[in-house]
Every structure is written in structure tokens, then in C-alpha cells.
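Scroll down for the structure; my scribbles are underneath it.
Rule-based calculations on the coordinates, nothing more; no lab input. Keep in mind that what you see is a predicted model, and the values were worked out from it rather than measured. Every residue, glycine among them, receives a Cβ derived from its backbone with ideal geometry; neighbour counts consider all protein chains shown.
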Amino acid sequence: MHYDVRNPESFLTDSSRAETSHDRIVASGLTKSFGAVRAVRALDLELVRGTTVALLGPNGAGKTTTIDMLFGLARPDSGAVSLFGRTPAEAVKAGMIGAMTQSGQLIEYLSVRELITMMAAIYPTPLDVEEALQISGANAFAERQTRKLSGGETQRVRFAIALVADAELLVLDEPTAALDVEGRRDFWNAMRAFAARGKTVVFATHYLEEADAYADRIVLMSHGRIVADGAPTEIKATVGGRLIRATLPQVELSSLRALRGVTTADRKGDAITLNCSDSDATLRDLLTEFPSIRDIEVRGAGLEEAFLELTMDDEATT
């Protein structure tokens, strides 16, 4: 028997390893192409039960394809997925996966309550229909026919459909698209309460502030590969330097770029944003050369800056 000192699980007995596999989602060597387009490239990913994971990346990074392979909507060209010790097909059949996708229409000529009740009947141990409606916020229009819903209301119904499975894994693809600010806030309050029950949540989103605020872990993809994986604080820490924001009208960007420690400079109206390798030196020069500067804010690089830097690689090098 072979033991790998870099891998603690190699020391587990067969029975212990089986127990461990039941607490994890494991994707190994996933590859998927559509014609000449390589959507996902030899992707390895392991998720522990009870975590909330954000899957981020620019358009075409492979997020949706990865999600589809995780719960069996797409079959990988190579590689395998284990969901709590089962194949995706077995996990779906056992009612262990709930999903909220971007595509697909709601069944027409049913009320929202009728639709959620019908969906609940599919699963072996569903959540109470009234609870799913309440958590999703769809209870406010539960008697309305699905064909008469707004975009935001339709999104809430999709969430209720995902919730009513009471699944161990909840997969959400752009879950807050079409929701207004209040709807997004309500959604994430409900999502955190659901995750607190020990459920695993995987979501893809273009709203970086949502990933920063609500994910325990961020998996950042680019060109079908994982380029960063860790807690939001870890992802942000990969980008060196700090940001200075301030109000400074009528100053050329070339003058700002010439300051000590400035790596990039940008302007929107009277507001300037400076990326700095040495913010102390930059601040001294700003205050000395531009005494009219005001509203100065200094902070560490955020998730947006990390996202842009880590996904800026050239396709030709991948």
C-alpha cells in the first residue's frame, strides 16, 4: 500500500476514507469541449460539506459548464465527479441536489404554490412548501399564475424550486440576476440561513461584492482552469499594494502617474483612483504637490482588483 506524506488521507483506512468521501464533493480531471472551444480543462476541485462557495470568472471562463457537470446536466469528456460518495446521477435520484439555473421556463398555467407543491412531490424528503415559499419570498404572490410574474418574481420562484428539495447540495447559477437591491439582500439573508443548517452551497455570480460578503470560499476560474482558490481574504491578499481614492479636479493623469509608488491611475469626474505599490510615499507626494486634494480614502486591494489581475492572462499562454 502506498502512503503519500503530502496527503493525510492516504493514511486513512478504507472505511475511514469512505466516511470522508461522504462529506465531500470531489471533481477530478474534468474536461469539456464544445467543438474547438475548450470550456473546462483538467479541473480538480474538492468541496467540504457545509460550506458556501462562490465560483467566479469572466464570461467564457467555464463556470456554467463546471456547474452543469457537477450535478449531471453535462457529461465531461474526461474526469469524474463524486457527490458525497455518489455519482451525480445517483445523487440526483436520491434528492441530494437542488439547482437554480439561468435557463429554462416555469411551467405555465399553474399558480406558484401549485408549481412548488408539484416540485416537492418529486423529492423523497422535501422541505415544507410553505417554508420554501416563505424563505424565497414567493409567498407574497403564491396564488398568481407563473406566466404573470415579473423577472424578479420568476427568480424567487426558481429559488423556491431549488429550496423545496431540501437538498444536501444547492447549486445556484447567477441567483440574483433580475433582482433589485432589496431582493438581493433578502435572497442572501435567506441563503445564509439555509447554509447554516449544514447545507453545501455553490453559486456562480457576476456580483463580486456578493461573493466577498457571503462566500466562505472563492474559486476563481479563467479559460476553463482554476487560477485561485481560497477564502475571500486570501484571494484579495494575492494582489499587492493599496488603493488611494480622493477628490482632485483638474489634474492630468500623467501628473498622477508620475508620483512615487503609483502603478496605475484612473479618473471618473473629479474622483481619482490610484493603485500604489508604496501608498505612504504616494500620499506624501499628493499632499505636497496637490494641497487642494480632499476626501482621501486608503484601503487594501479589493476582490475586483484581484479578479482583474488574476484573470488578465492571455488565452495564448493557457
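Numbers below:
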quantity	calculated
Share of pairwise Cα separations in region 53-101, more than 11 Å, in percent	70
Inter-label distance for E108 and R299, nm, one decimal - labels placed 7 Å from Cα along Cα-to-Cβ	4.6
Per-residue HN-Hα couplings for region 218-227 [Karplus 6.51, -1.76, 1.60; θ = phi - 60°; Hz; x = Gly/Pro]	10, 10, 9, 10, 8, 6, x, 10, 7, 9
For region 43-179, convex hull volume per residue from C-alpha positions, Å³	118
Whole-angstrom gap from region 63-111 to region 242-296, using each part's C-alpha centre	48
Residues with amide H under 5 Å from that of A165, placed H, sequence gap 5 or more	L127
Cα-Cα P(r), region 163-308, percent of pairs per 10 Å interval	10, 31, 25, 20, 11, 3, 0
Helix 181-195 vs. the chain, principal-axis angle (Cα, 0 to 90°, nearest 10)	60
Potential extension, E234-T288 segment - 0.36 nm per residue separation minus Cα distance	16.0 nm
Acute angle (nearest 10 degrees) that the helix 279-289 long axis makes with the longest principal axis of the chain, alpha-carbon atoms	40
CD proxy at 222 nm, helix term only [per DSSP H run n ≥ 4: -39500 (n - 2.57); per residue of the chain; nearest 500]	-9000 deg cm²/dmol
Neighbour-limited loop hits for trypsin sites (Lys or Arg not before Pro), region 200-298 (at most 15 other Cβ within 10 Å; DSSP other than H, G, I, E, B)	R260
Of A228, A132, A89, the one that fluctuates the most in a GNM where the chain has Cα springs shorter than 10 Å	A89
Spin-label pair A94/A281, simplified geometry with 7 Å Cα→Cβ offset, distance in nm	5.8
Interatomic Cα distance distribution for region 241-300, bins of 10 angstrom, percent	26, 66, 8
Kirkwood hydrodynamic radius over Cα pairs of the chain, then Stokes diffusion coefficient at 10 °C and 1.306 mPa s, in µm²/s	72
Anchor K236: lysines whose Cα lies under 25 Å away (excluding residues fewer than 8 positions away in-chain)	K63, K268
Label-to-label distance, nm, for residues given as S255 and A140 (7 Å Cα→Cβ offset)	5.0
Proximal charge balance of T52 [Cβ under 13 Å; K/R count +1, D/E count -1]	+2
In Hz, Karplus ³J(HN,Hα) per residue of region 293-309 (6.51, -1.76, 1.60; θ = phi - 60°; x = Gly, Pro)	4, 8, 6, 6, 10, 10, 8, x, 4, x, 5, 4, 5, 5, 4, 5, 5
